Structure formats: C-alpha cells, structure tokens
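Everything below concerns the one structure shown next.
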Amino acid sequence: MKKNILYFAIFLLLGTSVFMLTKIVKKQQYLTNIIATKQTLPNFTFYNLDSIATTNNFIPKDKPICIFYFNADCEHCQYGAKEINKNIVLFKRTQIVMVSFNSIQEIKQFKKEYNLIYPNITFLQDPKHEFKQWFGKTNVPAVFIYNSKHDLVKEYHGETKIEAITKHL
C-alpha cells in the first residue's frame, strides 16, 4: 500500500514537472516568435475609422513609423496625444499610426479632442485585440518606432517623453 502511494506521488510529481516544462517551452517559443515578428514592420490588419479592414500597405516605404497603442480613457495616452500635437513638427517626416481597441466613436472623439488631424497620422481600431499577435502582449500606452527601412529601432511601454521618441526618428 505504501509503495503504491509512493509510486503515485512520484508519477504525479513527474507528470506535473513535464506539464510545467512544456508550458515554459511553449511560452518561450511564443515570445521568440513575437520578437522575430516585430523586428521588421509586421503585416498587420486593423480597421480604419470607416470600419474597413486596413493593412499596413498605406505606409510609405521610405518613411519612419511610430505606432502608438493607446486607450482613449488612459490619462497617460491622453498626455502622449497632447505631446504629439504640441510637437507635431518633429514628426513631419514620420508616419504615425494610432491603434486602439476602443470603439470607432471613442477613437474619433479622441482624435478630435486632441486635434490629431494631420495627413501623417492614421487612426486604426483593433476590435478583436489582435495587436499582441504582431507586437506582443503589452499595456497602453506603448510605442513602436521603425526606421525608414521599417526595421524596429526602439519600443517603449508606458508613458514616454516625446524627446525619447523623436530622438529615434
């Protein structure tokens, strides 16, 4: 009887260890894939403010890109929007892509409230929360900066000073 309990305990311990090791390996593979995916501008698909599926094909091939992942209700994102507007001249040669999981109406209101109506700023909606497929799991705000060859230069997570962003453009 004691042998059976001992064998069961050993079997349970080994089974749990194999299960945990498998989870760790899968998580590491996922992270490695995400890191590789975002090293060059991923082929993402989000929705424009007319609810039309939009890929990254609208982005000029020879321009740096700043992708801002935001939430219209986030005060750090609101601060970032004010800073972008105040310093828009620093982004004159940069394509800005603002991506949010908010509703189209909330995104439009955000765009209007922070006066982010410029030809080099595009707002996109991520209604299915797929941002993490291309850029990894992140909180808002997050900024991904790509050079004119569309290679990842820098990424920031959390509120970021505008000077830190623009020095990589």
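Given points 7 Å out from each Cα along the Cα-Cβ axis, report the residue 90 to residue 51 separation in nanometres with one decimal.
3.7
Please go through the range 71-160 and write out the GluC sites (Glu not before Pro) that DSSP classes as loop and that have at most 11 other C-beta atoms within 10 Å.
none
Please state the shape class of the range 66-133: rounded when a/c is under 1.5, otherwise prolate if a/b exceeds b/c and oblate if not, all from the C-alpha gyration tensor.
prolate
Apply the a/c threshold of 1.5 to the C-alpha gyration tensor of the range 45-166 and tell me whether it is rounded, prolate or oblate.
rounded
Readers should treat all values here as calculations from the given coordinates under stated rules, not as data from a laboratory. Note that the structure is predicted; figures quoted are calculated from it, not measured. Here the Cβ is made from the backbone with ideal geometry for all residues, glycine too, and neighbour counts use every protein chain on show.
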